[in-house]
Amino acid sequence: MATIDPDPTPAQDPSNEPFSLTDAGCFVALTDFPLDYASITDRVRSPQAGAIVIFAGTTRDNFANKPVKQLQYTAYHPLALRTMLSIARELKTKHELKGIAMIHRLGVVPVGEESILIAVSAPHRQAAWRAGEEALEACKDRVEVWKLEEFEEGEGVWRANRDGKVGERVG
């Protein structure tokens, strides 16, 4: 059974603990804090794994030739975590992974900083590569996370967490 570890006030928690769910080699989380490569790698490390693949999605400085100031993410925590855990379980089984961990940052994510880290471990690299890419695409397609893309000119655009799917203009 999955366990939930909610942090009721993440912005004020000095331990930087995220909202998270875990289940048999699967870890998913949402946090308001900068993401940590070592921490997510340690969550999937296994002596049976010959490969660990890590994907980092970062805020780029432009979209459609417009300078981006920053991204701002929001989520419905309980549903987003359940969806992320469902994706992790599916991919762990499909690719016979030793571990899978996904953490998405919420709040403001400045240019050059990570908004998502995905780590997978598998006995062989091919499965790890495939699972890492599938995890990202599934997260972008299914997880209840939305982003406000803020441009240098002061305007912004709400999007589903998918490239190009424009929502409401702000500013």
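For the structure I just gave you, tell me whether Ala64 is without any contact (Cβ under 8 Å) to a residue 40 or more places away in the chain, surrounded by fewer than 18 Cβ atoms within 10 Å (Cβ to Cβ) and small (Gly, Ala, Ser).
yes
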Looking only at the range 92-117, and only at residues there that are among the aliphatic types (A, V, I, L, M) and more than 15 Å from the chain's Cα centre (by Cα), the one that is surrounded by the most Cβ atoms within 10 Å (Cβ to Cβ): Leu97
Test set (1) part of a helix (DSSP H, G or I); (2) of a type outside the set (Ser, Thr, Tyr); (3) in contact (Cβ under 8 Å) with a residue 24 or more places away in the chain - Asp42 fails condition number: (3)
Count of residues meeting criterion [touching a residue at least 60 places away in the same chain (Cβ under 8 Å) and over 15 Å from Ala75 (Cα atoms)] in the range 109-148: 19
Residue match in the range 24-31 (condition: in contact (Cβ under 8 Å) with a residue 60 or more places away in the chain, of a type in the set (S, T, N, Q) and buried (at least 16 other Cβ atoms within 10 Å of the Cβ)): yes
Selection count, the range 118-130, where residues are surrounded by fewer than 24 Cβ atoms within 10 Å (Cβ to Cβ) and among the small types (Gly, Ala, Ser): 1
Search result, residues across the range 30-70 that are over 20 Å from Pro110 (Cβ atoms) and under 13 Å from the mean Cα position of the chain (by Cα): Ile54
Residue in the range 110-131 that is at pLDDT 95 or above, at positive phi and not hydroxyl-bearing (Ser, Thr, Tyr) present: yes
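The values are calculated or read from the model by the stated rules, or taken from the named source; none is laboratory data. Keep in mind it's a predicted model, so treat the numbers as computed, not measured. Counting neighbours? That spans all protein chains shown, and the Cβs are built from the backbone with ideal geometry, glycine included.
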